[in-house]
Each structure stands twice: as C-alpha cells, then as structure tokens.
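These notes are about the structure you will find just below.
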Amino acid sequence: MNVLGLNSNAPLIKHEGLFYTKMIEHLGTSLNPRAYFEIGTDAGVSLKAMKCASVAVDPQFRLAENVIGSKPSLHMFQMPSDDFFRDHAPIDYLKRPIELAFLDGMHRFEYLLRDFANTESYCRRNSVILLHDCLPTTIAMMSRIHAPDTWTGDVWKILPVLRKYRSDLHITYLDCPPTGLVAITNLDPNSSTISDSYFSIVREFMEADGKALKEFYSRITLTKSADLQSHDELTKLFWL
Ligand SMILES: C[S@@+](CC[C@H](N)C(=O)[O-])C[C@H]1O[C@@H](n2cnc3c(N)ncnc32)[C@H](O)[C@@H]1O
C-alpha cells in the first residue's frame with residue numbers, strides 16, 4: 001500500500017493485444033512510411049523493422065540486430081535527444097517530413113514532452129507518432145526513479161497533458177503488452193502550445209500520482225490492437 005491507500009502492485013489495466021514491437025512492425029509494413037524517426041533505440045528491435053530512410057537517436061546504442069536491412073539510408077546519432085534537436089533537424093537527413101516516429105527515450109515525462117513537441121515540428125498532419133510505456137499496468141511501475149524490473153517512469157503524464165492542451169490531436173490508446181502503445185495523429189507541426197507553456201505544464205503535472213493515473217484510465221478507452229491487423233480497420237485511423 002502507498003500513502004494514498006492504493007496497492008501499488010495491483011493491476012490497473014490489462015494489455016492483451018499484439019506485443020508492442022509486433023504492432024510497430026505491422027504499422028511499418030501497412031502504412032509504408034517513407035521517413036522514420038526513433039528516439040531510444042537500444043538493441044534496435046523496432047528500428048530493424050523499418051524499410052525506409054530512418055534517423056535514430058540514443059545516447060548509448062546497444063545494437064544486437066542488423067538494423068540497416070534494406071533501408072536506403074540510416075543516420076544514427078549517439079547522443080541525448082535534447083542535444084540532437086539542438087544541433088540537427090531530422091528533415092536534413094530524411095529529405096522529407098517524418099511520417100512515422102517512435103519515442104522511447106528517457107522515461108521521465110518532461111523529456112517525453114520535449115521529444116514529442118520537437119518531433120511533431122518535423123511531421124506533417126497525418127504523420128503518426130508512437131509513444132511507448134505510457135499505459136503502465138501498475139502504480140509501482142510509474143516511479144520517476146529507475147527500477148530494475150518493468151519500469152515505465154512517469155511518461156504517462158504526457159497523456160492528460162495532451163488531452164487538456166492539445167484536444168486537436170487524435171490519440172489512440174493501444175492495448176499492446178507490456179505497457180501499451182499510444183498512436184497520435186492529426187498533428188500540427190506549427191503548434192507552439194506545448195513549447196509556449198512548457199514550464200507551467202511541467203509544474204502542473206509533475207506531482208500527478210497513482211490516483212490521477214486511475215482517474216485518467218477511467219476516462220479513456222483502450223483500442224484492441226488485434227482489430228487493427230485488418231488493413232481496412234487500420235486505415236480508418238491512420239494513413240500516410
Ligand atoms: C527502454 S530503452 C528503449 C527500448 C527500445 N525502444 C525497444 O523497444 O526495445 C530506452 C532507451 O532510451 C535511451 N535514452 C535514455 N536517455 C535518453 C535521452 N535523453 N535521449 C534519447 N534516448 C535516451 C536509453 O539509452 C535506452 O536505450
């Protein structure tokens with residue numbers, strides 16, 4: 001039990017769909033993006049699945065896969081994402097706006113908020129940004145302190161932020177194990193809402209706790225990722 005009287009290991013939500021890397025691979029194959037951008041590559045499982053021009057950012061790549069495969073180009077930047085965006089623009093390497101992005105870098109919500117705002121500015125309206133680990137299944141997972149087992153950090157806080165400040169976005173919450181996959185489209189590369197209010201947003205949401213997560217879950221509906229295996233169903237939500 002924590003101070004709120006909540007059992008921090010009690011399951012809050014169930015993810016029973018496609019494993020998240022399978023879903024990312026499916027999106028890559030079905031949507032056929034021409035430009036892919038990734039933050040937090042680690043061993044390279046998701047990067048390997050893409051066949052298009054790609055840019056990957058991670059301060060410490062630990063590649064265990066042949067990640068270039070049939071890609072026409074792959075640029076890898078071994079640095080934190082903030083350094084990358086300070087010094088580089090993805091479009092310079094991809095030669096077109098980002099069409100599919102996967103954000104899975106530092107698991108603290110203010111980092112993901114910056115990664116999202118920076119990435120969106122290089123997208124077009126119907127590009128898709130995927131967020132990992134934003135639908136933790138227990139309160140114990142969402143600590144800001146790195147934990148050895150399944151650790152999501154507090155990146156989930158970006159979801160209530162986007163619902164409150166960016167109601168123009170179209171957000172799909174996918175039931176992908178182990179900790180969800182969130183797919184965001186109807187992007188606005190010219191939006192400055194998050195960057196204009198960045199400090200007050202971080203202040204407002206920093207202390208959001210397990211109770212706030214439970215309340216957020218009571219207001220969203222998970223989409224069954226298995227249903228999006230059908231091309232017809234997938235393209236009702238996403239097209240490039
Ligand atoms: C959970 S792992 C990513 C897992 C990988 N995407 C997958 O699905 O197998 C998180 C990664 O984020 C990277 N990372 C940590 N801080 C970062 C930062 N500030 N910017 C970019 N990546 C960061 C870590 O080096 C690590 O490889």
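None of the figures in this text is laboratory data; all of them are computed from the coordinates on show. No experiment lies behind these values; they were computed from the predicted model shown. All Cβ positions, even for glycine, are placed from backbone atoms using ideal geometry, and neighbour counts span all protein chains on display.
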Suppose the filter is within 26 Å of residue 196 (Cβ to Cβ), within 13 Å of the ligand (Cβ to nearest atom) and basic (Lys, Arg); does residue 62 pass it? no
Among the residues listed as 117, 147, 140, 101, the single one being over 11 Å from the mean Cα position of the chain (by Cα), among the hydrophobic types (A, V, I, L, M, F, W, C) and either surrounded by 24 or more Cβ atoms within 10 Å (Cβ to Cβ) or more than 15 Å from the ligand (Cβ to nearest atom) (or both): 140
Which residues, taken from the range 27-51, are away from the ligand (no atom under 12 Å from the Cβ) and among the β-branched types (Val, Ile, Thr)? 29
Run down 233, 215 and say which single residue is under 19 Å from residue 127 (Cα atoms), free of Cβ contacts under 8 Å to residues at least 24 places away in the same chain and of a type in the set (Asp, Glu). 233
Quick one: is residue 159 among the hydrophobic types (A, V, I, L, M, F, W, C), in contact (Cβ under 8 Å) with a residue 24 or more places away in the chain and assigned to a strand (DSSP E or B)? no
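Looking for whichever is hydroxyl-bearing (Ser, Thr, Tyr) and within 15 Å of the ligand (Cβ to nearest atom) here; the options are 54, 8. Which one fits?
Values: 8 fails: within 15 Å of the ligand (Cβ to nearest atom).
54 is the lone residue from the list that is hydroxyl-bearing (Ser, Thr, Tyr) and within 15 Å of the ligand (Cβ to nearest atom).
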Apart from one, (1) under 15 Å from residue 171 (Cα atoms); (2) within 13 Å of the chain's Cα centre (by Cα) all hold for residue 125; the odd one out is (2)
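One line per residue, one yes/no per condition, for (1) buried (at least 18 other Cβ atoms within 10 Å of the Cβ); (2) not acidic (Asp, Glu):
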site: 156; (1), (2): yes, yes
site: 161; (1), (2): yes, yes
site: 169; (1), (2): no, yes
site: 175; (1), (2): yes, no
site: 185; (1), (2): yes, yes
site: 189; (1), (2): no, yes
site: 213; (1), (2): yes, yes
Considering residues that are in a helix (DSSP H, G or I) and not β-branched (Val, Ile, Thr), the number found within the range 184-222 is 19
Residue pairs within 6 Å by beta carbon, gap of at least six or interchain, first lying in the range 114-143 and more than 21 Å from residue 202 (Cα to Cα), second part of a helix (DSSP H, G or I) and away from the ligand (no atom under 15 Å from the Cβ), listed first then second, are 122/91
Hey, could you check the range 217-234 for residues that are under 16 Å from residue 162 (Cα atoms) and exposed (fewer than 14 other Cβ atoms within 10 Å of the Cβ) and say which is farthest from the chain's Cα centre (by Cα)? 219
